Amino acid sequence: MFNKVLIANRGEIALRVVRALKELNVPSLMAYSEADAHTLAVLEADEAVKIGPAPSSQSYLSIPALIGAAVSRGADAIHPGYGFLAENAEFARQVANHGITWIGPSPESIEMMGNKSMARQTMQNAGVPTVPGSKGTIETLDDAVSFADAVGYPVLIKASAGGGGRGMREVMTPGDLEVAFSSARSEAQVAFGNSDVYLEKLVLRPRHIEFQVLADTHGNTIHLCERDCSVQRRHQKLIEEAPSPALTPELRERMGQAAIKAMEATNYVNAGTVEFLLDESNEFYFMEMNTRIQVEHPVTEMITLTDLIKEQVRIAAGEPISFMDKVPFTPLGHSIEFRLNAEDFEKNFMPSPGLVTALQWPGGPGVRIDSHLYAGYAVPPNYDSLVAKLVVWGSTREEALDRARRALSEVRIDGIKTTVGFHQKVLEIDAFAKGEARTDFVERYL
Ligand code: MV4
C-alpha cells in the first residue's frame with residue numbers, strides 16, 4: 001500500500017478521496033489552491049500543500065505545480081478525482097515518469113478513449129455494438145453525403161476529439177448537411193485544435209445508460225451494473241440512478257458483458273465507465289468510455305455495497321479486487337443521486353457562489369450526503385458549481401422516490417441558491433416517477 005497519496009482535486013470528490021484513504025489507513029495530502037484553503041477536504045486531510053492561485057490553470061490544471069507538490073512532500077501516488085486533469089494522458093505519463101503511481105488507467109487507455117472515433121473503431125473490432133456510422137473520420141463533404149445517403153437521415157456529426165456532447169451537429173435533411181459539416185469541422189478545430197469529425201445515424205430519444213467497470217492487475221475484469229443518467233441539461237447530468245428502470249436482468253447481462261468486452265479489448269485497468277445509448281426498441285450502442293471515477297459513482301456503491309474509491313486505490317497498489325466473491329452483482333434495492341449545484345435554476349441555472357450562512361442536512365434511513373459544505377464556508381466563484389450530492393437508497397424505486405421527497409424537504413442551505421427546488425419539481429413529474437425519462441426529459445417537461 002502507499003505511503004502517502006496526493007489528491008489532485010477539490011470540492012466534494014477531494015473529501016470523498018480523503019475519507020477513503022482514512023479508512024485504508026493511508027496518509028492523505030491535499031493539493032489546494034488559494035481559494036480552497038478553508039475547504040473541508042483540506043481540514044480533514046492529514047497534510048495539505050498549496051499549489052497556486054485560484055484560477056485552475058495555475059493550480060488544479062498545472063502539471064508542474066501538482067508534480068512538484070507530490071515530489072517535495074514525498075507522495076508515492078496521485079488520485080486525480082474527476083474533471084481537471086483526470087483524463088489527461090500527459091499528466092498520467094509525467095506522474096509515472098517521476099516514479100509516482102497514477103490511481104487510474106494507463107496513459108495509453110486514456111489516450112485511446114479520448115479519441116472518440118478511435119474508441120468507436122476499437123469497439124467495432126472487438127464486437128461491441130456501435131451506432132451505424134462512418135468507418136473512421138470523414139474528410140470531405142462528398143464522403144459525408146454518400147455516408148448519410150447510405151445510412152439514411154437523420155444523422156449526427158461528431159468531433160473525433162469531442163465527447164460530452166461538444167462539437168455535435170444533428171442533420172435532419174440532405175439540404176442541411178453541407179452547412180452542418182463545415183460548421184462542425186470549424187467548431188471542432190476551435191474547441192479541440194483538431195477538425196476531424198465522423199458521422200453516425202442519429203438515435204432518437206435515447207436513454208443514457210452507463211456501466212461501472214473495474215479491472216485489476218490480476219486478470220479480474222468485472223462490472224457493477226448500470227446507472228441511468230437520462231436526466232441531463234446541456235450535457236450536464238442532474239439526476240442519476242441505479243439500477244436503470246429500463247433494464248431487465250437479461251438486458252443488464254448482455255450490456256454488462258459488452259462493457260467487459262470493451263475493457264478487455266483495451267487491456268484496461270482500474271475503474272472506468274462504459275457509456276451506451278439505449279434506443280426506444282431497447283437496442284444498445286457503445287457511445288464513449290470514461291477513464292476516471294465519475295460524479296455519480298455513489299449510486300453504484302449503494303446498490304452493490306462497495307467502496308469504489310478504496311477499490312481504485314487497492315487496484316493501483318497492485319492488490320486484487322477485494323469483493324470478487326460478490327460477482328456477478330445483482331442490484332440491491334434502488335439508489336438515486338440528486339446533484340445540488342450552487343445555481344439559480346429559476347434564472348437559467350445561473351451560478352450562485354457566496355457565503356453559506358446556515359446549513360442543515362437531511363438524515364435518517366437511506367440518506368447519504370457527499371459534500372464539502374459547512375455553515376460559514378464561502379463557495380468560490382472559480383470552479384464547477386457542484387456543492388453536494390444527495391443520494392437516497394430504498395428497497396424499491398418507489399421507496400427511494402419517497403425518501404428523496406422527504407430528504408429534499410429537510411435540506412436547508414442559506415446564503416446561496418441551489419438546485420434543490422429543481423429536483424422537487426422533477427419529483428412531481430409523472431414521467432420521472434414512472435421511470436420513463438429519456439435524454440430529452442428536461443427540455444420536454446421543464
Ligand atoms: C448520440 C445521440 C444520438 N445518436 N449519438 C451526447 C454526448 C455524447 N457522449 C454523445 N451524445 C449523444 N450521442 C447518436 N448516434 C445523442 C446524444 C445525446 C445525449 C446522449 C446521452 C445523454 C444526453 C444526450 C443529450 C443529447 C444528445
(request) Would you calculate the separation in nanometres between label points at Arg444 and Asn97, each defined as 7 Å from the Cα along the Cα-to-beta-carbon direction? (result) 4.9 nm
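Per the Cauchy relation, a quarter of the hull surface: what is the mean projected area of the convex hull of the alpha carbons in segment 1-109, in nm²? Display every interim value, and only then the final one.
Values: hull surface 23.5 nm².
If I average the Cα hull's projected area over directions, I get 5.9 nm².
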(message) If N is the number of residues in segment 40-161, what value comes out of its Cα radius of gyration divided by 2.2 N^0.38 Å?
(response) 1.48
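Of all the Cα-Cα pairs you can form in the chain, what percent are over 28 Å apart? Walk me through the numbers on the way to the answer.
Numbers: 50921 of 99235 pairs.
Cα-Cα pairs of the chain separated by over 28 Å account for 51 percent.
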(message) Tell me the Rg and the Dmax, in Å, that the Cα atoms of segment 325-371 produce.
(response) 16.5, 49
(message) Antiparallel versus total DSSP beta bridges in the chain: what percent is that, nearest 5?
(response) 80 percent
(message) Residue by residue through segment 5-11, what is 3J(HN,Hα) from phi via Karplus (6.51 cos²θ - 1.76 cosθ + 1.60, θ = phi - 60°)? Round to whole Hz and write x for glycine and proline.
(response) 10, 7, 9, 9, 6, 8, x
(request) Compute the label zone of Ala150 within segment 156-199: residues whose backbone N is under 17 Å from the point 7 Å along Cα-to-Cβ. (result) 156-158, 197-199
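Here are some pairs, Lys4/Lys50; Lys326/Lys434; Lys116/Lys389; Lys135/Lys201; which of them have Cα atoms lying more than 19 Å apart in this structure? Walk me through the intermediate numbers first.
Values: Lys4/Lys50 16 Å; Lys326/Lys434 30 Å; Lys116/Lys389 29 Å; Lys135/Lys201 12 Å.
Check vs 19 Å cut-off fails for Lys326/Lys434; Lys116/Lys389.
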(message) Whole-Hz ³J(HN,Hα) for each residue in segment 288-297, computed from phi via Karplus 6.51 cos²θ - 1.76 cosθ + 1.60 with θ = phi - 60°, x for glycine and proline: what do you get?
(response) 8, 10, 9, 9, 8, 6, 10, 3, 8, 4
(message) Given the DSSP H assignment, sum -39500 (n - 2.57) over each helix run of at least 4 residues in the chain and divide by its residue total; what's the result at 222 nm in deg cm²/dmol, nearest 500?
(response) -9500 deg cm²/dmol
(message) From the phi angles alone, apply the Karplus equation (6.51, -1.76, 1.60; θ = phi - 60°) to segment 392-398 and give each ³J(HN,Hα) in whole Hz, x where the residue is Gly or Pro.
(response) 10, 10, x, 5, 9, 4, 4
(request) Subtracting the Cα-Cα distance from 0.36 nm times the residue separation, let me have the gained length for Ala54 to Glu178 in nm, one decimal. (result) 40.4 nm
(message) Expected output is a single nm value to one decimal: the length gained when fully extending between Asp430 and Leu43, i.e. 0.36 nm times separation in residues minus the C-alpha distance. What is it?
(response) 135.1 nm
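Mind checking the alpha-carbon convex hull of segment 112-179 and giving the volume per residue in Å³? Kindly include the intermediate steps, with their values, before the conclusion.
Details: hull volume 6.2 nm³, N = 68.
For segment 112-179, the hull spanned by Cα atoms encloses 92 Å³ per residue.
Using 0.36 nm per residue, how much length does the chain from Ser322 to Met1 gain when fully extended, once their Cα-Cα distance is taken away?
On the way: separation 321, 0.36 × 321 = 115.56 nm, distance 1.38 nm.
Extra length from Ser322 to Met1 when fully extended: 114.2 nm.
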(request) May I ask for the distance between the Cα centers of segment 1-57 and segment 316-330, given as a whole number of Å? (result) 26 Å
(request) Amide H neighbours of Ala388 under 5 Å, at least 5 residues apart or on other chains, H built in the peptide plane: list them. (result) Leu340
(request) List every residue whose amide H lies under 5 Å from the amide H of Asn270, counting only residues 5 or more places away in sequence or on a different chain, with H placed 1.01 Å from N in the peptide plane. (result) Ala215, Asp216
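None of the figures in this text is laboratory data; all of them are computed from the coordinates on show. Everything numeric here is computed off the predicted structure, so don't read it as measured data. Heads up, the Cβs are rebuilt from the backbone with ideal geometry, glycines too, and the neighbour counts pull from every protein chain shown.
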